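Chemist: Before anything else, here's the structure in question.
Derivation of every value follows stated rules applied to the coordinates shown; laboratory data play no part. Because the structure is a prediction, the values reported are computed rather than measured. Every residue, glycine among them, receives a Cβ derived from its backbone with ideal geometry; neighbour counts consider all protein chains shown.
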């Protein structure tokens, strides 16, 4: 997994509450193999019309936001399906961080497995950030994971992140290797558990 | 854990599955794992990393997302889908995981098959790479959906890293009016608390109305926990649970059953246990629920009208609901009972069980469908049971199509979709934009309501069909 380093990049605002993962990547693209890439189908059905022509009003299509690597969304972002493809699509399109007041739980977890940082900030702060990005299209934000801050000019917002997930992102660690460090605990747990619950087979 | 503090059922299951804790995360033991034809990313990655499946006996697999619901004697006609369905056969065979294939009557939607086989049991941690894994909570399990990377992790280690969820109790009071079911209850709950109303929480559903529900009704309620943002939703096991479970293929028998039962009876929440949040939903006098928008929270009783977004204060929310109405092609103030439909879908992990088919058949009996209607049993065994009861004939005589088991039009990944602008009455769980096909408009409701929509061509209170 790619290491997460301090990121200064164009940020794009998305003014949709409860933006579900079906909207982020429609079901018909989920059969794609990971190696074939998902970026071209990010927000497919709201980004392009039925002839495949980009909708000029959709934020990701506006010239000022080209090259954006940070998405600033609204409440319950990426709710719905567990499809990790929602993160694949964002990551393959270049996004490394998302900022929102809340997320679909499974998407939030999936982000960390793909080198994408989902940041939670209070709704009023996120709304203010989206407004500033709308007023100044193409402006940048800086995400500093080490110090857990988002910066825009003189404004600094702090965010919380689980220490283990932070470490995995910063180091680009695979969590299976981390888990296997606990092999002894796992096997003693299993022995005890199976003895207590023989009906589980 | 040796604590005398009263605990919720969620805490009890959690505490008994902790392998280790580190930096605020818990390594949780996973009892059981369900796999389907969308699980290929996990198998691909596992193979690429040269890892092996750690505990194959603790998983079962069945294809559901991509299987055709008609013409099965020709196999899977679309090559891309066929690769995924056959890929699951190969991956599970290589790992030694039990697989119920398309020619096996036990094949079906994973969330139907788990409880049906008794693979889902009280007090266990169960995961699956599908968000509707919350379904299994109805049997008193802590069950949640995970992504492909986590599926890979569970395959390789039989464990998962999790942060402890906050607990939430949803107390459903009152008694459910005759003919209504789990779908009406869960839509009423989500309508009240919102699509993010339970985010970050594991929910226990409690109260007289939940206790009175059948196992099927409970499975429907827990199924849609994710639509309120909950990580998991569960119901403490009781005699309804134990009677449902007894005699199923994976359920313990004899002395093992007695020992298991003694454990299961310790699971319900202790008197005085504290939840981070408690919400009460009164369902007395509830009318059948129907959704009007593109989020499951957009739910109203059938006697309601399409709401006016202009009345919403928050600008993003107002804009989102206005967009939903535009997408749905609806005008504020329209009575829901005047909305006409083009398609009806009865099935899914939400409402594809035998009780659902019976309810829909009771409405369809002796009537004729005015619009194309699809009935898709949740598993091959449910299909057999329905046929033994003559329900297939009721549906066919009423002009409904009787299909083979799978996710079908709920997820629209196997070719069962509808065209742009078409409107469905659907017993599934999501009314998201494009869920049943690009530009397709989905309205969620119970099997009785969907069947009533089929025979009248519009949303109709199934209890007033004779007056319609």
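Chemist: Compute the label zone of residue B:57 within the range A:155-195: residues whose backbone N is under 15 Å from the point 7 Å along Cα-to-Cβ.
Modeler: Output list for this probe position: A:190-195.
Chemist: Rank-order A:7-17, B:133-143, B:16-26, A:31-41 by packing density, defined as the average count of other C-beta atoms within 10 Å over each peptide's residues, highest first.
Modeler: Order by mean packing, descending: B:133-143, A:7-17, B:16-26, A:31-41.
Chemist: Then there is this: Within 10 Å of each Cβ in A:160-168, how many Cβ atoms from other chains are there, averaged over the peptide?
Modeler: That works out to 3 on average.
Chemist: Output the 0 to 90 degree angle, nearest 10, between the alpha-carbon long axis of helix A:183-196 and the longest principal axis computed from the alpha carbons of chain A.
Modeler: 60 degrees
Chemist: Under 16 Å from the 7 Å Cα→Cβ point of residue A:33, by amide nitrogen: which residues of the range B:41-74?
Modeler: B:41-50
Chemist: For chain A, modelled as a Gaussian network with Cα springs under 10 Å, which listed residue fluctuates most, A:104, A:115, A:52?
Modeler: It is A:52.
Chemist: Applying 1/(1 + (r/R0)^6) with R0 = 60 Å to the Cβ-Cβ distance of residue B:70 and residue B:163, what FRET efficiency is obtained, to the nearest 0.05?
Modeler: Working: r = 43 Å, r/R0 = 0.72.
After rounding to 0.05, the efficiency reads 0.90.
Chemist: Ranked highest first by the average count of other Cβ atoms within 10 Å around their residues, in what order do B:409-416, B:246-253 fall?
Modeler: Going by the mean number of other Cβ atoms within 10 Å, highest first, we get B:409-416, B:246-253.
Chemist: Express as a percent, rounded to the nearest 5, the fraction of DSSP beta bridges in the protein assembly as shown (both residues included) that run antiparallel.
Modeler: Around 35 percent of the beta bridges assigned by DSSP in the protein assembly as shown are antiparallel ones.
Chemist: Out of all DSSP beta bridges with both ends in chain A, state the antiparallel percent to the nearest 5.
Modeler: Of all bridge pairs located within chain A, approximately 50 percent are antiparallel.
Chemist: For chain B, what proportion of DSSP beta bridges, expressed in % and rounded to the nearest 5, is antiparallel?
Modeler: Counting only bridges with both partners in chain B, antiparallel ones make up about 25 percent.
Chemist: Residue separation times 0.36 nm, minus the C-alpha to C-alpha distance between residue B:208 and residue B:262: what's the value?
Modeler: In short, 17.1 nm is gained.
Chemist: Shifting gears a bit: Calculate the length of the line joining the C-alpha centroid of the range B:374-395 to that of the range A:1-53, in whole Å.
Modeler: If you average the Cα positions of each part, the centres end up 39 Å apart.
Chemist: Hey, got the average number of other protein chain Cβ atoms within 10 angstrom for residues in A:20-32?
Modeler: Numbers: counts 11, 2, 8, 5, 0, 0, 8, 13, 8, 1, 8, 11, 2.
The per-residue average across the peptide is 6.
Chemist: Just counting partner chain Cβ atoms within 10 Å, what average do the residues of peptide A:95-108 show around their Cβ? If you can, show how the numbers build up before the last one.
Modeler: Details: counts 0, 0, 0, 0, 0, 0, 2, 4, 4, 8, 16, 11, 2, 5.
Mean partner-chain Cβ count within 10 Å for A:95-108: 4.
Chemist: May I pose another question? With label points built 7 Å along Cα→Cβ from the Cα atoms of residue A:147 and residue A:66, find their separation and express it in nm.
Modeler: According to this spin-label approximation, the distance is 3.2 nm.
Chemist: Which FRET efficiency value, to the nearest 0.05, is calculated for residue B:387 and residue A:185 with the Förster distance at 60 angstrom and r the Cβ-Cβ distance?
Modeler: Efficiency computed from Cβ-Cβ geometry: 0.75.
Chemist: Another question, if that's okay. For the protein assembly as shown, what does the helix formula give at 222 nm: sum of -39500 (n - 2.57) over DSSP H segments with n ≥ 4, over the residue count, nearest 500 deg cm²/dmol? Please report the intermediate quantities before stating the final value.
Modeler: Working: 24 runs with 214 residues, N = 669.
That calculation yields -9000 deg cm²/dmol at 222 nm.
Chemist: Pulled fully out, how much extra length does the chain show between residue B:365 and residue B:104, if you take 0.36 nm times their separation in residues and subtract their Cα-Cα distance?
Modeler: 91.0 nm
Chemist: Viscosity 0.890 mPa s, temperature 25 °C: Stokes-Einstein D of the range A:6-200 from its Kirkwood Cα radius, in µm² per second?
Modeler: 136 µm²/s
Chemist: Please list, in order, the residues from the range A:121-164 whose amide nitrogen is less than 13 Å from a point placed 7 Å along the Cα→Cβ vector of residue A:6.
Modeler: Once the point is set 7 Å along Cα→Cβ of residue A:6, A:142-152 turn out to lie under 13 Å by backbone N, inside the range A:121-164.
Chemist: Still on this model: Provide the gained length on full extension for the span residue B:287 to residue B:5, in nm with one decimal, where the gain is 0.36 nm per separating residue minus the Cα-Cα distance.
Modeler: On the way: separation 282, 0.36 × 282 = 101.52 nm, distance 4.03 nm.
In short, 97.5 nm is gained.
Chemist: Obtain the nm distance between the two label points defined at residue A:174 and residue A:154 by a simple spin-label model: each point lies 7 Å from its Cα along the Cα-to-C-beta direction.
Modeler: In this crude label model, residue A:174 to residue A:154 measures out at 4.8 nm.
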